[in-house]
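What follows is a single structure, written as structure tokens, with notes after it.
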Amino acid sequence: MIKKSPRWALIMAGGVNLLMGFIEITASFFSLSSSLFADSLDFFVDGVNYFSSLIILKKSDKIHRKVWLIKWHMMVIFGIGVLLWAIFKYIHGWIPRWEVMTTISILALWANLFSAWILQAFQNDSLDLRAVWLCTRNDALWNILIMIAGYLTLHFSSPLPDIIVSIFMGILVLKSGIEIIISPEKRESHSHH
Ligand SMILES: [Zn+2]
């Protein structure tokens, strides 16, 4: 049915992450949820991570460095973007649509579990399984937090739960982006949290 190769697993996981990123970023704009926006950026970073693992398998140092630079810039720009968007939303007091937040975060949770499952099923030496699980665990935790934030938004009719979750996510992405530039050994790491 399916070909057993880590290459195939990385393409599938990368594809699922990028697709979910596009779904989530679209949903974040019409629901005005900054936590969904932050989570969509995480899917893009993860997607690029998985696809870059394919290139890194070929071990070209020049490409390796280029991918690392793109990743680092992505994380810093995304982190700042999330924080600015959260502040802008706070000033305007926009209340996000809770039903979109909960529905999309459930879908995102499934996407994360699916890509972890596919990577562990087809893993070999080139895949750091522990890093994959660590990343998935953190991502799943964020999905659950957005679900809770959606629920709190419904109950309190407040923009704050969404803004608080997105500020935490923005700070974490920014922190990992800065960590990558400070400690070079983290460049090799699959995990970005
Ligand atoms: Zn992630």
Response to the item:
Inside the range 108-134, the number of residues satisfying the requirement of being surrounded by 15 or more Cβ atoms within 10 Å (Cβ to Cβ) and either of a type in the set (A, V, I, L, M) or at pLDDT 80 or above (or both) is 13
Fill in: Test for residue 54: is it modelled with pLDDT of 85 or more, surrounded by fewer than 21 Cβ atoms within 10 Å (Cβ to Cβ) and either of a type in the set (Phe, Trp, Tyr) or in a helix (DSSP H, G or I) (or both)
no
Discussion item. Just to be sure before I move on: is residue 38 of a type in the set (Gly, Ala, Ser), farther than 26 Å from residue 7 by Cβ, crowded, with 17+ Cβ neighbours inside 10 Å and modelled with pLDDT of 90 or more in the structure I sent?
Written reply: yes
Worksheet item: Are any of the residues in the range 29-37 within 26 Å of residue 98 (Cα to Cα), in a helix (DSSP H, G or I) and within 11 Å of the ligand (Cβ to nearest atom)?
Response: no
Practice prompt. Test residue 21 against the stated conditions and say whether it is surrounded by 14 or more Cβ atoms within 10 Å (Cβ to Cβ), modelled with pLDDT of 90 or more, more than 29 Å from residue 154 (Cβ to Cβ) and within 15 Å of the ligand (Cβ to nearest atom).
Written response: no
Item to complete: Kindly provide the set of residues from the range 138-160 that are within 14 Å of residue 108 (Cβ to Cβ) and at pLDDT below 90, ordered by number.
Response: 138
Item to complete: Restrict the check to the range 155-166 and report whether at least one residue is part of a helix (DSSP H, G or I) and more than 18 Å from residue 39 (Cβ to Cβ).
Response: yes
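The values are calculated or read from the model by the stated rules, or taken from the named source; none is laboratory data. Everything numeric here is computed off the predicted structure, so don't read it as measured data. Quick reminder, even Gly has a Cβ in these numbers, built from the backbone with ideal geometry, and neighbours come from all protein chains shown.
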